[in-house]
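Below is the structure I would like to discuss, written out as C-alpha cells.
The values are calculated or read from the model by the stated rules, or taken from the named source; none is laboratory data. Keep in mind it's a predicted model, so treat the numbers as computed, not measured. We place every Cβ from the backbone using ideal geometry, glycine too, and count neighbours over all the protein chains shown. Note: areas computed on protein heavy atoms with side chains; ligands, DNA, RNA excluded. Shrake-Rupley method; radii C 1.70, N 1.55, O 1.52, S 1.80 Å.
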Amino acid sequence: MNNEWWQKGTVYQIYPRSFNDTNGDGIGDIRGIIEKLDYLAKLGIDLLWLTPMYVSPQRDNGYDIADYFAIDPQYGTMADFEELLEEAHRRGLKIMMDMVVNHTSYQHHWFQEALKGKDNPYRDYYIWKDPATGGGPPNNWLSKFSGSAWELDAASGQYYLHLYEVGMPDLNWENPKLQEEIYQMMAWWGEKGIDGFRLDVINNISKNPDFPNDSLATAQDDGRKFYVDGPHVHEYLHHMNRRVFDKYNLVTVGEMSSTTPEQCIKYTNPERQELSMAFNFHHMKVDYPGGKKWASAKYRLTDLKRVMAEWQLKIAAGGGWNALFWTNHDQPRALARFADDQAYREQSAKLLAIILFGLQGTTYIYQGEEIAMTDANFTDISQYDDAESRNAYKQMLANGVSETDALQILREKSRENSRIPMQWNDGPNHGFTDGTPWLAPIHEDSWTVEKALANPDSIFYTYQRLIALRRGHDIFANGDFALLDAASETIYDYERQWNGETLLVVGNFSAEEQVWNLPERHHDKNCQILESNYPHKAMTNKIVLQPYEALMLHLTI
C-alpha cells in the first residue's frame, strides 16, 4: 500500500524570479514568497518546490550555479531563506530545493581553477578532451541550447563538455573527489532543515566513457544515447541516497531527460534506495513532429492518452512512482497546448486539473495554474530573456525558417511562456512589483489571484478540493489504472480500482458536445460526483458532455 505523505500530497512549484517582488527591483524574492505563504497554505499544498536561488551569473536563470552555499543577493539573504523555512514549517508546508549537479556555472571556483591548467587539482572536476583527429570538437554531440556540446579552451588546447549552455560546464562524476564534494554540500542543506531536493537533469550525470560520435540521423541522434541513463547513474544515486536522502528523510524527485519507464522504475522503486519519484517528459513531446521541438504542430489526444497510460501502467507494475504535471518552468502553459485558453478557458483549466489529479503519482501545480494563467504570446524576439529560446530562434532563421514562423513556434514551444510574472491583482504589473518587471511587457490579462479567491467557482477552489480528495481517499495512491476509450480523439476517460471502490475520470477535449456512456459493469453501483467543471447533473448511464467538461466519479457497490 502506498502511504508515504508525498504519495498523497501535492507540490507547488515556485519560480521565485516571477512570483512576488517586495523590494521594487522587478525580480521576485524570498520575502515575496514569505508574504504569500498564507495563500499557499489556503490552497492546501504540502510541499513548495523552489527553483534555484543560489549565487549565479543567471545565464540560465539560476540553473548555472556559481556557489552552492550562498543565496543570490537578488533573491535576498541566507537569513531570509532560514526565515522562509521556519515560516513554511510553522504552516505545515515543506520546502524542496532545486539542485543542479550535472553542471555548474563557468564562474564556479572549481571551474575557474580548472581553467588554470591541466595540472590543477580541479581540472578533473570537469570533462576535458583533446580535439578530434584533424581538429575540431572531440565528437559531434549537440548542446540542448543549440550548436556543439563542446567549447574550446584556447589556453590549454582542450575542449570542455557542456550539454547545456556554454557557460554551464558538465561535472565529471567519474572523479570520487567531486562526488564527495557534492554529497557534503547536499548534507549541508539537509542540516539546514530542508525537506527535499528536485534534481535537475539528474539522469545525465554518467557519460559513456568512450564519448563516441552519434549518427545525427534524427533529432534524437544528438549524443543523448551516450549520456542519458548512463553506465553508473544508479550507483551514484544510490550513494547519494545513503549519504544524504535517507539520513535527512528527504523527499526527492529526479528530472529525467529522454528516459524510459524501465529506467524510472529503477530510479524510484524504494527497494533500490535511489529517488522518491521521477519526472518524465514524453507526454510533453506529443506535439514534437518527428521528435523535433522547434516546429509548429498540434497534438493528437490518442497520442497523449497512449503515452500517459503507458507510464501509469508500467511504473505501477514495477513498483515505481510518477511525478504528475502539465506545466513547469521549462514548458509552455498547458491551457493552449492541450485545451482552449480562449472561449473555454475556465472549463479547460479545470478539465486539465481533474484529469491529472485522478492519476497515480504525486501531483504538481506550477505557479499560476491555479488561476488559469496563459502563455506570454510575445511578438518580438527582443521580448525573450531565455537563452534557449533566443538560440533556437537564431538556429531556425539559419535553417531557413521565416521570422514570422519562428516567432509563432516560440509562442507555442518556448519555456518563457510559463515565466511571465504571477498575476496577483488588477493593479500595476498585476501586483507582482512596484518596479519594472524583469520580463516585460507585463501580460495584459484580467485573471488574477484576487478575483479567483473571491469567486467560489474559480479554478483555485477546484484545485483546493482536488488536493483534499487525494489526501483523503486511498484509491488515488493505490488504485489500479485502466484507460477506457483509447481510440477517441475527443474523450479522455480512465478508471482506477481499489479495495471495492472505483474512480472514473472522464473529460471532453473538444468544443463540441460529446456523448459518454458509463461502462455497463458500473450501471448498478452507487455513484458520487467528486468533482466536475460544470454544474452538477443527475447521473445517468448516458451523459452528454459539454465542451471541455470533466467529471470525477466515485463508485461503490
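For the stretch 68-208, what size does the Cα cloud have along each of its three principal axes, sorted from largest down, in whole Å?
62, 29, 29
Follow-up question, since we're still on this one. When DSSP beta bridges are limited to those with both residues in the chain, what percentage is antiparallel, rounded to the nearest 5? Could the numbers behind the result be given before it?
On the way: 40 of 66 bridges.
Close to 60 percent.
Across 10 Å bins from 0, what is the distribution of all Cα-Cα pair distances for the stretch 217-298, in whole percents?
Over the stretch 217-298, the share of Cα pairs per 10 Å bin runs 16, 41, 26, 14, 2 percent.
Treat every Asp and Glu Cβ in the stretch 468-543 as -1 and every Lys and Arg Cβ as +1, leave all other atoms uncharged, and give the resulting dipole magnitude about the Cα centre to the nearest 20 debye. Display every interim value, and only then the final one.
On the way: 7 positive and 12 negative charges, 59 e Å.
About 280 debye.
Something else now. Obtain the nm distance between the two label points defined at Thr540 and Glu346 by a simple spin-label model: each point lies 7 Å from its Cα along the Cα-to-C-beta direction.
Each label point lies 7 Å from its Cα, and together they span 2.6 nm.
About its Cα centre, what dipole magnitude does the stretch 275-418 give when the only charges are +1 on Lys and Arg Cβ and -1 on Asp and Glu Cβ, stated in debye to the nearest 20?
540 debye
Is the stretch 479-544 rounded, prolate or oblate when judged by the Cα gyration tensor, a ≥ b ≥ c being the square roots of its eigenvalues, rounded requiring a/c under 1.5 and prolate requiring a/b larger than b/c? Please report the intermediate quantities before stating the final value.
On the way: a/c = 1.71, a/b = 1.26, b/c = 1.36.
It is oblate, given that a/c is not under 1.5 and a/b is not larger than b/c.
Okay, next question. Per-residue counts of other Cβ atoms within 10 Å, averaged by peptide: what ranking do you get for 52-63, 194-205, highest first?
On the way: 52-63: 21.8, 194-205: 24.0.
Answer by packing, highest mean first, reads 194-205, 52-63.
Same structure again: Could you give the C-alpha radius of gyration of the stretch 278-343 expressed as a fraction of 2.2 N^0.38 Å, taking N as the number of residues it contains?
Details: Rg = 12.9 Å, N = 66, 2.2 N^0.38 = 10.8 Å.
Against the empirical 2.2 N^0.38 Å value, I get 1.19 for the stretch 278-343.
A follow-up question, please. How large is log10 of I(q)/I(0) for the chain at q = 0.07, 0.08 Å⁻¹ when the intensity is taken from the Debye formula with one equal scatterer per alpha-carbon?
Log10 of I(q)/I(0), two decimals: -0.40, -0.53.
Sticking with this structure for a sec: Mind running the shape call on the stretch 169-254? Use the C-alpha gyration tensor, a ≥ b ≥ c as the square roots of the eigenvalues: rounded below 1.5 for a/c, prolate if a/b tops b/c, oblate otherwise.
Working: a/c = 2.98, a/b = 2.11, b/c = 1.41.
Since a/c reaches 1.5 and a/b is larger than b/c, the shape of the stretch 169-254 is classed as prolate.
Quick one: ranking Lys292, Lys144 by accessible area, 1.4 Å probe, largest first, what do you get? Write out the running numbers ahead of the final one.
Details: Lys292 105, Lys144 55 Å².
Largest to smallest exposure gives the sequence Lys292, Lys144.
With just the Cα atoms defining each centre, how far is the stretch 214-248 from the stretch 413-486? Give it in Å.
So the two Cα centres are separated by 32 Å.
Of Leu469, Leu518, Thr404, which is farthest towards the positive pole of the chain's charge dipole, taken about the Cα centre with +1 and -1 on the beta-carbons of Lys, Arg and Asp, Glu respectively?
Projecting each Cα onto the dipole axis, the largest value belongs to Leu518.
Per residue, what accessible area does the stretch 316-358 have, given a 1.4 Å probe and all protein chains present, in Å²? Show your work: numbers first, answer last.
Values: 920 Å² over 43 residues.
For the stretch 316-358, the solvent-accessible area averages 21 Å² per residue.
Rounded, prolate or oblate for the stretch 442-512? Axes are the square roots of the Cα gyration tensor eigenvalues, ordered a ≥ b ≥ c, and the cut-off for rounded is a/c under 1.5. Numbers along the way, then the final one.
On the way: a/c = 3.48, a/b = 1.47, b/c = 2.36.
Oblate shape, in that a/c is at least 1.5 and b/c is the bigger or equal ratio.
Quick check for me: using +1 on Lys/Arg Cβ and -1 on Asp/Glu Cβ, what's the dipole size of the chain about its Cα centre, in debye to the nearest 20? The partial results should precede the final answer.
Details: 52 positive and 79 negative charges, 208 e Å.
Roughly 1000 debye for the chain.
Now for a separate question. So, for the stretch 119-178, what is the accessible surface per residue at a probe of 1.4 Å, expressed in square angstrom? Walk me through the intermediate numbers first.
Working: 2440 Å² over 60 residues.
Heavy-atom accessible area per residue stands at 41 Å².
Run the accessible area of the stretch 415-455 with a 1.4 Å probe and give the carbon-and-sulfur part as a rounded percent. Don't skip to the answer; put the middle values down first.
Numbers: 840 of 1710 Å².
The value for the stretch 415-455 is 49 percent carbon and sulfur by accessible area.
Now for a separate question. What angle do you read, to the nearest 10 degrees and between 0 and 90, between the alpha-carbon axis of helix 345-357 and the longest principal axis of the chain?
Relative to the chain, helix 345-357 is tipped by roughly 80 degrees.
Related question: Tell me what the chain gives for mean residue ellipticity at 222 nm when only DSSP H runs of n ≥ 4 count, each as -39,500 (n - 2.57), the sum divided by the residue total, rounded to 500 deg cm²/dmol. Walk me through the intermediate numbers first.
Values: 16 runs with 151 residues, N = 557.
That comes out to -8000 deg cm²/dmol.
Which pairs, out of Lys225/Lys298; Lys350/Lys537; Lys129/Lys225; Lys266/Lys298, put more than 23 Å between their alpha-carbon atoms?
Values: Lys225/Lys298 27 Å; Lys350/Lys537 17 Å; Lys129/Lys225 19 Å; Lys266/Lys298 33 Å.
Beyond 23 Å between Cα atoms: Lys225/Lys298; Lys266/Lys298.
If Rh is defined by the Kirkwood formula over all Cα pairs and Rg also comes from Cα, what ratio Rg/Rh do you get for the stretch 1-54?
Numbers: Rg = 13.3 Å, Rh = 12.3 Å.
My calculation of the ratio gives 1.08.
Strictly over 24 Å apart at the Cα level, which of Lys94/Lys177; Lys207/Lys314; Lys116/Lys177 would you flag in this model? Walk me through the numbers before you get to the answer.
Details: Lys94/Lys177 31 Å; Lys207/Lys314 26 Å; Lys116/Lys177 18 Å.
Beyond 24 Å: Lys94/Lys177; Lys207/Lys314.
Would you list the P(r) distribution for the stretch 348-490, with all Cα-Cα distances sorted into 10 Å bins from 0 and each bin expressed as a whole %?
That works out to 10, 29, 28, 23, 9, 0, in percent per bin.
How would you order 505-518, 214-227 from highest to lowest mean count of nearby Cβ atoms within 10 Å?
Details: 505-518: 19.1, 214-227: 16.4.
Answer by packing, highest mean first, reads 505-518, 214-227.
Same structure, new question: Roughly how many whole Å is it from the C-alpha centroid of the stretch 489-557 to that of the stretch 1-77?
36 Å
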